[in-house]
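Take this structure, written in structure tokens, and hold onto it; I'll ask about it next.
The values are calculated or read from the model by the stated rules, or taken from the named source; none is laboratory data. All values reported here derive from a predicted model rather than from experimental measurement. Every residue, glycine as well, gets a Cβ built from its backbone with ideal geometry; the counts of neighbours run over all protein chains shown. Heavy atoms of the whole protein, side chains included, go into the accessibility calculation; ligands, DNA and RNA do not. Shrake-Rupley method; radii C 1.70, N 1.55, O 1.52, S 1.80 Å.
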Amino acid sequence: MAEIQIPNLPVAVALNGTEQVEVVQSGTSRRATTQQIADLKGVGPTGPTGTMGPTGPTGPTGPTGAASTVAGPTGPTGATGPTGPTGATGPTGLAGPTGPTGSVGDTGNTGPTGPTGPTGPTGSIGITGATGPTGPTGSTGSTGLTGPTGPTGPTGATGLTGPTGPTGPTGSTGAIGPTGPTGPTGATGLTGSTGPTGPTGATGAGGTLGYYGAFYSEDDQTAAATNTAYAMTLDTTSEASGVSIVSNSRITFANAGTYNVQFSAQFRNTGGGGSGNTVNIWLSKNGTNVVASDTRLTVPSNAPYVVAAWNWVISLAANDYLEIIWSTDNTAIQLETDPSGVINPSIPSLIVTAQQVMYTQLGPTGPTGPTGLTGPTGPIYGSRVVALADATSVTFDADTTDMATQANTQATGTLTVNAPTGTIYNGQKIMFRLRSTNVQTFSWNAVFAGSTEISLPTVSSGSSKYDYMGFIYNSTSSTWQIIAKAFGY
């Protein structure tokens with residue numbers, strides 16, 4: 001709205017009650033008519049008019065215009081003097097009646113739902129109403145699968161035994177069952193005294209009891225590298241007694257003695273393989289070279305076949321072995337075999353013979369003297385099986401028992417093994433076989449002893465498993481010593 005100076009405001013006019021005025025109440029703006037405002041009651045009386053302020057000075061008179069028959073314009077009105085102070089406000093009148101309620105505005109958005117209050121206590125259960133009438137029975141469904149059979153009930157008490165009927169005719173004798181297994185052999189009885197030794201026979205001629213062996217190889221034998229030791233191999237035995245070939249190259253002697261070992265080896269220089277033409281051959285005993293047993297020979301390319309043949313005499317202990325070792329400075333040199341020809345047999349690459357040197361052995365043994373009387377047979381063990389009573393302790397009778405057995409159905413607890421009774425022999429054996437329903441803790445008499453390898457068992461297997469324990473009596477220590485233990489069969 002444009003600014004208008006007070007002197008230039010329009011002259012006040014009377015209101016007819018239809019004019020619209022913007023009214024703001026409690027922060028809400030709305031339009032009301034002047035009549036609605038005039039209808040409000042309770043407006044207090046207007047206070048007294050304040051004193052009028054002094055009149056402002058009169059402005060200067062304008063110049064007199066020329067005489068005219070037309071009146072000149074009126075000069076401007078002087079400025080209004082300042083308004084006097086407002087009088088005190090009169091007391092507020094009674095509140096007028098409430099005006100008509102305005103129209104309801106648009107509904108605002110719904111606010112967020114508040115938190116759910118705590119659940120109130122559950123009310124008491126009301127009285128159950130009367131049961132309604134039973135509805136009609138539905139049709140029977142199909143039969144379900146048969147459930148598993150329930151456990152068998154306990155067996156009823158055995159009824160009284162009826163009178164024995166007459167004995168029927170004896171049937172024919174059945175076939176004899178198979179023979180049971182042979183029990184363990186009893187301990188050997190004491191050996192009878194040795195009879196007198198017969199006279200020594202005369203010393204026999206030498207050479208009749210010598211050990212010997214003859215062997216050969218029909219394989220070519222080569223050297224993969226120069227100046228390397230290789231054992232000559234043998235694959236065929238011609239004759240032998242007390243002498244054998246082990247691991248293809250070891251000439252093994254089962255008996256002690258002095259032996260003459262001879263060999264024959266056919267070498268051939270096939271040409272090439274280096275400029276060397278020598279071969280060394282020596283003897284090895286039990287993997288160690290024999291001192292001063294080496295020999296060197298030449299195998300030139302212009303004389304392709306060279307035979308090396310000599311012997312060694314050497315004393316050996318039982319089970320000693322010898323090997324013939326060779327090496328060459330030319331890998332073209334080899335031990336070579338040749339097949340048989342039209343008129344000649346095959347040529348082995350190596351032939352070895354070994355025979356015991358004679359005249360160093362005793363002659364044949366003289367006749368054996370008569371055998372002495374047989375001593376008395378010792379006690380028989382190993383065939384007497386004795387079943388022991390089902391109890392919390394067991395005692396073996398050494399006079400009647402080789403194997404003691406017990407089917408133990410006692411509750412879990414201690415099984416006491418007492419000292420065996422009866423006449424006990426040195427070396428006597430007793431086996432104990434236990435089958436326990438429940439685990440039993442063994443309590444051994446001090447006469448039973450374990451070892452660092454097999455200790456006395458402490459508990460049985462239980463669960464109706466078989467447990468075996470074997471003992472042998474040592475008269476020197478007066479103890480039954482455990483020698484076997486096998487549990488859980």
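Of the heavy-atom accessible surface of segment 375-476 (probe 1.4 angstrom), what whole percent is carbon and sulfur?
52
How big is segment 236-340 by the Kirkwood estimate over distinct Cα pairs, in Å?
Kirkwood hydrodynamic radius for segment 236-340: 15.1 Å.
Tell me, Kirkwood radius of segment 376-460 from alpha-carbon pair distances, in Å?
Computed over Cα pairs of segment 376-460, the Kirkwood hydrodynamic radius comes out at 13.8 Å.
Report the local net charge at residue 323: Lys and Arg +1, Asp and Glu -1, summed over other residues whose C-beta lies under 10 Å from its C-beta.
Its environment carries a net charge of +2.
Can you give the accessible area of residue 358, probe radius 1.4 Å, in Å² rounded to 10?
About 50 Å², rounded to the nearest 10.
Let me ask something additional. Work out the FRET efficiency for residue 258 and residue 441 from their Cβ-Cβ distance, taking R0 = 41 Å, and round it to the nearest 0.05.
0.05
If r is the Cβ-Cβ distance from residue 239 to residue 385 and R0 is 51 Å, what FRET efficiency results, to the nearest 0.05?
My answer for the efficiency is 0.40.
I'd like the distance separating the alpha-carbon centroids of segment 293-341 and segment 18-36, in whole Å.
Cα centroid of segment 293-341 versus Cα centroid of segment 18-36: 144 Å apart.
Please report the accessible area of residue 395 (heavy atoms, 1.4 Å probe, ligands and nucleic acids excluded) in Å², nearest 10.
60
What does the net charge come to around residue 336 if you take all other residues with beta carbon closer than 9 Å to its beta carbon, with K and R at +1 and D and E at -1?
-1
For segment 249-290 and segment 402-419, write down the distance between their C-alpha centroids in whole Å.
After rounding, the separation between the Cα centres reads 69 Å.
Write down the accessible area per residue of segment 251-354 in Å², having rolled a 1.4 Å probe over the full set of protein chains.
Computed with neighbouring chains in place, this is 45 Å² per residue.
State, to one decimal in nm, how far the label point of residue 39 lies from the label point of residue 113, with both points 7 Å from Cα in the Cβ direction.
4.5
Considering only protein heavy atoms and a probe of 1.4 Å, how much of the accessible area of segment 237-350 is carbon and sulfur, as a whole percent?
The C+S portion of the solvent-accessible surface of segment 237-350 is 48 percent.
Under 5 Å between amide H atoms, partner at least 5 residues away or on a different chain: which partners does residue 456 have, H built in plane at 1.01 Å?
It is 450, 451, by chain and number.
Also, I was wondering about something else. Below 11 angstrom from the Cβ of residue 248, what's the summed charge of the other residues (Lys, Arg +1; Asp, Glu -1)?
-2
Let me ask something else about it. Over segment 432-489, give the accessible area per residue in Å² for a 1.4 Å probe, as an integer.
The answer is 51 Å² per residue.
Right, something else. Given 0.36 nm per residue, what is the gain on full extension from residue 463 to residue 485 after removing their alpha carbon distance, in nm?
Full extension from residue 463 to residue 485 adds 6.1 nm.
Something else about it: When you count, for each residue, the other Cβ atoms within 10 Å and take the mean per peptide, how do 231-237, 25-31, 315-321 rank with the highest first?
231-237, 315-321, 25-31
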